[in-house]
Amino acid sequence: MLNKPYGYLSQFISNDKKEQKKRFLGSLFNFALGTMPIGRLDEKSEGLLLLTTNSRISTYITTSSVEKEYYVQLDGEISNLALEEMKKGVEIGFSGKKYLTKPCKASKLKDKPIFPKRAKKIRDARHGPTSWFL
């Protein structure tokens, strides 16, 4: 298990010349040979990342119905109607392409979750209200 810090890619190295200045998990520790992340958290995300040297376990967790939970902070006050739409799937985009995620469970949290102190602040009250979901 690893608490992936903000600003790191969920990979250990890259041969892509464009990514050489980026930070990779491999710079955090001396991991065992063959260690791989199970799933991904993008560069601007942080949180629990499972690691393994067993590709079968990785495949099982990423391709099966193993339930995963994420805390999500959204800009603004989100209505119950928007919450119901979110449960049907969320549109995300990568490299100019749009994708619709699978339907999911979603619930609005009354209180902001308590997290460890961040190395970099992403947003604060100056940006307006937010809503937290699980």
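Taken together, the values in this text are just the output of simple stated rules run on the coordinates, not laboratory data. Because the structure is a prediction, the values reported are computed rather than measured. Every residue, glycine as well, gets a Cβ built from its backbone with ideal geometry; the counts of neighbours run over all protein chains shown.
What spacing in nm lies between the two simple spin-label points modelled at LYS97 and LEU48, each 7 Å away from Cα in the Cβ direction?
Distance between label points: 3.0 nm.
Please list, in order, the residues from the range 12-43 whose amide nitrogen is less than 18 Å from a point placed 7 Å along the Cα→Cβ vector of THR59.
Those under the cut-off are 34-40.
Could you give me the ³J(HN,Hα) list for the range 20-28, computed from phi with Karplus coefficients 6.51, -1.76, 1.60 and θ = phi - 60°, whole Hz, x at Gly and Pro?
With the stated coefficients, the range 20-28 comes to 5, 8, 7, 9, 10, 4, x, 7, 7 Hz.
Can you compute the helix-only [θ] at 222 nm over the chain? Use -39500 (n - 2.57) per DSSP H run of at least 4 residues, normalise by all residues, nearest 500 deg cm²/dmol.
Result for the chain, helices only: -3500 deg cm²/dmol.
Would you mind checking the radius of gyration and Dmax of the range 1-66 based on alpha-carbon positions, in Å?
In Å, with Rg to one decimal and Dmax whole: 12.0, 36.
May I ask you to list the GluC sites (Glu not before Pro) in the range 32-134 that are in a DSSP loop and have at most 11 other Cβ atoms within 10 Å of their Cβ?
Those that pass, being in a loop and sparsely packed, are GLU67, GLU69, GLU77.
Taking H placed 1.01 Å from N in the peptide plane, check which residues at least 5 places from PHE24 or on another chain put their amide H under 5 Å from its amide H.
Result for PHE24 returns LEU9.
In the range 1-66, what % of DSSP beta bridges are antiparallel (nearest 5)?
75
Using 0.36 nm per residue, how much length does the chain from ASP124 to LEU83 gain when fully extended, once their Cα-Cα distance is taken away?
12.5 nm is the gain from fully extending ASP124 to LEU83.
Within 10 Å of each candidate Cβ there may be at most 15 other Cβ atoms; applying that plus a DSSP loop requirement, which chymotrypsin sites (Phe, Trp or Tyr not before Pro) in the range 29-80 survive?
Qualifying residues, ordered by number: PHE29, PHE31, TYR70, TYR71.
Give me the dipole magnitude in Debye, nearest 20, for the chain about the Cα centre, with unit charges on the beta carbon: positive for Lys and Arg, negative for Asp and Glu.
Result for the chain is approximately 340 debye, rounded to the nearest 20.
Of the residues LEU50, LEU83, LEU33, which exhibits the maximal mean-square fluctuation in a Gaussian network model of the chain defined by a 10 Å Cα contact cut-off?
The residue with the greatest mean-square fluctuation here is LEU33.
Express in whole angstrom the spacing between the alpha-carbon centres of the range 1-66 and the range 82-111.
23
What number do you get for the chain when its Cα radius of gyration is normalised by 2.2 N^0.38 Å, N = residues?
Rg over 2.2 N^0.38 Å, computed on Cα atoms: 1.19.
Sketch the reach of a paramagnetic label on LEU74 as a point 7 Å from Cα along Cα-to-Cβ, and name the residues of the range 98-134 whose backbone nitrogen lies under 17 Å away.
99-113, 128-134
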